[in-house]
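Shown next, in structure tokens, is the structure this report addresses.
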């Protein structure tokens, strides 16, 4: 659940009165599901929910027509606060999720596996609460691969390290988190990070740099720079989730991976134009898409230019 508060000015250490407060069903899984549904995909929300805050999220999902298949826990769903202040600055206050039981984690995995036979894509996004095994995402990626379903993983730390060995179709991460997880040098750039993510097993990698855009790479060492249009952001929170949803929506409609990255970037840009995280207007996406620029980068030394996966050659991600 997300509480967004707007202030003309925020002064730490003093009383600050918000001039507007909005409470919404948000969070990485919620945002991705909502954006996918907005774009026209049938998204199934699979996650943990609990308490009054969890019931609030469930009611909002139901009201928006988003299918949900959840594990109810004794702990309430966490509430995070976004503070919009001082002419465009954003401060995020994030609660830690309560621990879940081993039985709860197993139940969630079973639910995800149940939906794979009819899925066009699998989106694994967000941090794992305590009690969920670090290889949780990796096991689901392996199950998705066996079912012929491409997977997108947006994770960090140990779960990301575990999942790379399972060879996900695409890994998405921001530059700072990729550098920290992979132990890269401090001055590593997005291209370095993207190539480092495909080296251990990911077929494709997207490394974002916020408003600067992102770098896309595949196993052959081929890279692309994906640049969004310049915009005045209203609220950038949820842009990464919107990009993930847009990427998979486009990919499952037959786009190449670079084309899907461009479409995902348009969705991320559309998200910054709305007050609420994880909300896009399709009219904004269509208007912004022609303004996204995709340019090819250099091929890694010693490699020839080729597509990076069998799925690519089958039309899901051709070069």
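Please work out whether region 69-210 counts as rounded, prolate or oblate from its C-alpha gyration tensor, where a ≥ b ≥ c are the square roots of the eigenvalues and a/c under 1.5 means rounded, while otherwise a/b larger than b/c means prolate and anything else oblate? Can you show the working numbers first?
Working: a/c = 1.88, a/b = 1.08, b/c = 1.73.
In terms of gyration-tensor shape, oblate.
Here the peptides 85-94, 33-42 are ranked by packing, the mean other Cβ count within 10 Å, and the order with the highest first is 33-42, 85-94.
With a simple spin-label model that places each label point 7 Å from the Cα along the Cα-to-Cβ direction, the separation between residue 3 and residue 139 comes to 3.5 nm.
Listing 67, 279 from the residue with the fewest other Cβ atoms within 10 Å to the one with the most, what is the order?
Values: 67 14, 279 19.
Starting with the residue having the fewest Cβ neighbours, the order is 67, 279.
Would region 1-72 count as rounded, prolate or oblate if I go by the C-alpha gyration tensor, calling it rounded below 1.5 in a/c and otherwise prolate when a/b exceeds b/c, oblate otherwise? Verdict is prolate for region 1-72.
Label point 7 Å out from residue 293 along Cα-to-Cβ: which residues of region 249-272 have amide N under 19 Å? Of the residues in region 249-272, 258-270 have backbone N under 19 Å from the label point off residue 293. Annotation: peptides 204-214, 145-155, ranked by per-residue average of other Cβ atoms within 10 Å with the highest first, follow the order 204-214, 145-155.
When the gyration tensor of region 172-290 is built from Cα positions, what are the square roots of 5 times its three eigenvalues, in whole Å, from largest to smallest? Show your work: numbers first, answer last.
Details: eigenvalues 116, 54, 24 Å².
Values for region 172-290, descending: 24, 16, 11 Å.
Stretching the chain fully between residue 165 and residue 189 yields a gain of 6.4 nm (0.36 nm per residue, less the alpha carbon separation).
Highest mean first, what order results for 249-259, 179-189 on Cβ atoms within 10 Å? Mind showing how you got there, number by number?
Numbers: 249-259: 20.0, 179-189: 13.3.
Result, highest mean Cβ count within 10 Å first: 249-259, 179-189.
Placing dummy labels 7 Å off each Cα toward the beta-carbon, the span from residue 106 to residue 55 is 2.9 nm. Sorting 80, 123 by the number of Cβ atoms found within 10 Å of their own Cβ, with the fewest placed first, yields 80, 123.
Taking a ≥ b ≥ c as the square roots of the eigenvalues of the Cα gyration tensor of region 27-140, is the shape rounded (a/c under 1.5), prolate (a/b larger than b/c) or oblate? Because a/c hits 1.5 or more and a/b fails to exceed b/c, region 27-140 counts as oblate.
Highest mobility in the GNM of the chain, judged by mean-square fluctuation with C-alpha springs under 10 Å and restricted to 172, 291, 222, is found for 291. Across 83, 231, 248, mean-square fluctuation computed from a Gaussian network of the chain (C-alpha pairs under 10 Å connected) peaks at 231. Sorted ascending by nearby beta carbons within 10 Å, beginning with the fewest, 8, 142 become 8, 142.
Stretching the chain fully between residue 113 and residue 283 yields a gain of 57.8 nm (0.36 nm per residue, less the alpha carbon separation). The simple spin-label model puts a point 7 Å past each Cα toward its Cβ; for residue 230 and residue 69 those points are separated by 4.7 nm. Note that region 99-153 shows a convex hull volume over its alpha carbon atoms of 64 Å³ per residue. Only alpha carbons enter this Debye calculation for the chain, each as an equal point scatterer, and the log10 of I(q)/I(0) it gives at q = 0.07, 0.12, 0.13, 0.15 Å⁻¹ is -0.26, -0.80, -0.94, -1.27. The residue 146 and residue 120 beta-carbon pair, evaluated with R₀ = 25 Å, returns a calculated FRET efficiency of approximately 0.95.
Divided by 2.2 N^0.38 Å, where N counts the residues, the Cα radius of gyration of region 155-222 comes to 0.96. Annotation: extensible slack from residue 23 through residue 81 equals 20.0 nm (criterion: 0.36 nm per residue apart, minus Cα-Cα distance). The alpha carbons of region 198-241 give a radius of gyration and a Dmax of 12.7, 38 Å, in that order.
Every number in this text was worked out from the coordinates using simple rules, so none of it is lab data. The structure presented is a predicted model; accordingly, all values stated were derived computationally and were not measured. Because the Cβ atoms are built from the backbone with ideal geometry, glycine has one as well, and the counts that use them run over all protein chains shown.
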